[in-house]
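Right, one structure below, let's go through it.
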Amino acid sequence: MTDRLAVVGSGPAGLTAAVYAARADLAPRVFEGLEAGGQLMLTTEVENYPGFPDGIMGPELMQLFRRQAERFGSVLDPSDITRLDFSHRPFRLWADETEHHADAVIIATGAKARWLGVPGEERLRGYGVSACATCDGFFFKGRRVAVVGGGDSAMEEALFLTKFATGVTVIHRRDALRASAIMARRILDHPKVEVRWNSVVEEVLGDGEVTGVRLRDTVTGAETDLPLEGLFIAVGHDPRTELLRGQLDLDDKGYLRTFEGTMTSVPGVFGAGDVVDFSYRQAVTAAGMGCRAAIDAERWLEAQE
C-alpha cells in the first residue's frame with residue numbers, strides 16, 4: 001500500500017504537518033522514530049509557546065501535539081526510518097527491514113544540540129543544564145550562569161542571558177573568541193559578562209540542580225570550581241540529515257536546503273523545522289514550517305493528480 005504522504009519526524013514540525021495534512025484528508029503516516037517528540041522531550045517547562053500562559057512541560061506539550069494529530073486521522077508509527085530512496089515515485093522508506101511507499105514526503109527530522117559529554121551534564125539536563133537560552137533563560141532571573149562556547153551563537157546566548165542573570169561567565173577553550181568582531185566586542189564590553197579563557201568544563205556539579213562546574217585550564221592543567229546555578233551549552237547543533245546525504249541537496253553545514261517555500265531538491269519531498277532552520281530553532285517556528293510543508297505537499301499532490 002502507498003501512503004499519500006509520509007512525515008519523517010515527530011517534533012513540533014512533523015506533528016503540525018501531520019495535523020494540517022490529516023485535515024486535508026491525506027491520512028499522513030508519521031514515522032516518530034527513536035527520539036519521538038524531538039528536543040522538547042528534554043525540556044522541563046515551556047513558557048514561550050503561545051496558548052499556555054502558565055507554561056507547560058515539554059513532554060506534555062508534545063503529547064498534546066500527538067493527540068491532535070491522531071484526532072484528525074494521522075497514523076503514528078513508532079518506527080525509526082533507516083533508509084530512504086527518493087530516486088523515483090512512489091518514494092521508498094525503510095523502517096528496519098520493512099519497506100513503505102509514499103507519494104510525497106515531509107522531512108522533519110530536526111537537529112540535535114552538541115553536548116560536552118562530561119560527568120553530571122546528562123544527569124542535570126533540564127535541571128540547570130540547557131542548550132537553549134531563549135527557551136530557558138527566564139528561569140534564571142537573579143542567578144549566576146555560564147555559557148560554554150566562543151562563536152556568534154554562544155555570544156548571542158550570553159547577551160540574551162544578561163537580561164535575567166546577575167552575571168554571565170563565558171567559558172572558552174582558547175585565548176580568543178571565534179565570534180565576529182562586533183559580537184566579541186559586545187561581550188567583552190558588557191558589565192555583566194566575564195570570560196574564562198583557556199578553560200574547559202570537566203564536570204557539572206550539583207545534586208538535583210546545578211551548583212557549579214569544575215574547570216580545567218588548558219594551558220596549566222589546573223582545576224578550579226566555579227559556583228553557578230545554570231550552564232548553557234552553545235557549541236553548535238547538528239542537523240539530523242545523515243540519511244539524506246546523496247538524496248537531497250544539503251548546505252555546507254549539513255542542513256536541508258529548501259526552495260520556493262518548503263520544497264527540497266526533489267519534487268514531492270518537503271522540509272520543515274530544525275533540519276532546515278539553523279537560525280531560530282524554536283518550537284513555534286518549527287510548527288509554522290510544518291504547517292507550510294503540509295500545505296505545500298497538499299497543493300503539490302493536487303497538481304500531480
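No value in this document is a laboratory result; all are computed from the given coordinates. Note that the structure is predicted; figures quoted are calculated from it, not measured. Cβ coordinates were reconstructed from backbone atoms using ideal geometry, including for glycine residues, and neighbour counts include every protein chain displayed.
Points worth noting:
- DSSP-defined beta bridges in the range 115-233 - what % are antiparallel, rounded to 5: 40
- Of all beta bridges that DSSP places with both ends in the chain, some 45 percent have antiparallel geometry.
- FRET efficiency estimate (nearest 0.05) - Cβ-Cβ, residue 63 to residue 253, R0 35 angstrom: 0.65
- Rounded to the nearest 20 debye, dipole of the range 115-233 from Cβ charges on Lys, Arg, Asp, Glu: 360
- Summarising the amide proton neighbourhood of residue 203: residues at separation of 5 or more, or on other chains, whose placed amide H is nearer than 5 Å comprise 214.
- Shape call, the range 115-233: gyration tensor on alpha carbons, a/c limit 1.5: oblate
- Correct option for log10 I(q)/I(0) by the Debye sum over Cα atoms at q = 0.08, 0.10, 0.11, 0.12 Å⁻¹ [calculated from the coordinates] among (1) -0.32, -0.52, -0.63, -0.76; (2) -0.40, -0.60, -0.70, -0.81; (3) -0.49, -0.69, -0.78, -0.87: (2)
- Projecting label points 7 angstrom from Cα along Cα→Cβ for residue 80 and residue 304 puts them 2.8 nm apart.
- Span-rule helices in the chain, defined as complete DSSP H runs reaching 15 Å or more along the axis (Cα) with Kyte mean at least 0.0: 12-23, 283-304
- Whole-angstrom gap from the range 1-62 to the range 193-236, using each part's C-alpha centre: 34
- Cross-link reach is defined here as a Cα-Cα straight distance under 27 Å, omitting same-chain residues fewer than 8 places apart; for residue 192 the lysines meeting it are 141, 163.
- Build a GNM of the chain with springs between Cα atoms under 10 Å apart, and of 52, 65, 140 the one that fluctuates most is 52.
- Calculated FRET efficiency for the pair residue 52/residue 194, C-beta based, R₀ 30 Å, to 0.05: 0.30
- For the range 194-260, applying the loop criterion from DSSP together with a ceiling of 16 other beta carbons within 10 Å to the trypsin sites (Lys or Arg not before Pro) yields 245, 253, 257.
- Two-site label geometry, residue 72 and residue 122: point separation in nm, points 7 Å out along Cα→Cβ: 3.7
- Full extension of the chain segment joining residue 202 with residue 163 gains 11.3 nm, where the gain is 0.36 nm per residue of separation less the Cα-Cα distance.
- Phi-derived couplings, Karplus 6.51 cos²θ - 1.76 cosθ + 1.60 at θ = phi - 60°, listed residue by residue for the range 208-221: x, 7, 5, 10, x, 9, 9, 9, 10, 6, 6, 9, 9, x Hz, with x used for Gly and Pro.
- Fully extended contour minus Cα-Cα distance, from residue 114 to residue 134, at 0.36 nm per residue: 5.5 nm
- Adding -39500 (n - 2.57) for every DSSP H run of four residues or longer, then dividing by how many residues the chain holds, sets the calculated 222 nm ellipticity at -7000 deg cm²/dmol.
- Label point distance in nm, residue 238-residue 174, each placed 7 Å from Cα along Cα→Cβ: 2.1
- For residue 144, the amide hydrogen comes within under 5 Å of the amide hydrogens of 166, 229, counting only partners 5 or more places away or on other chains and with H modelled in the peptide plane.
- Order of 87, 180 under a 10 Å beta carbon neighbour criterion, fewest first: 87, 180
- Length released on extending from residue 34 to residue 280, taking residue separation times 0.36 nm less the Cα-Cα span: 86.1 nm
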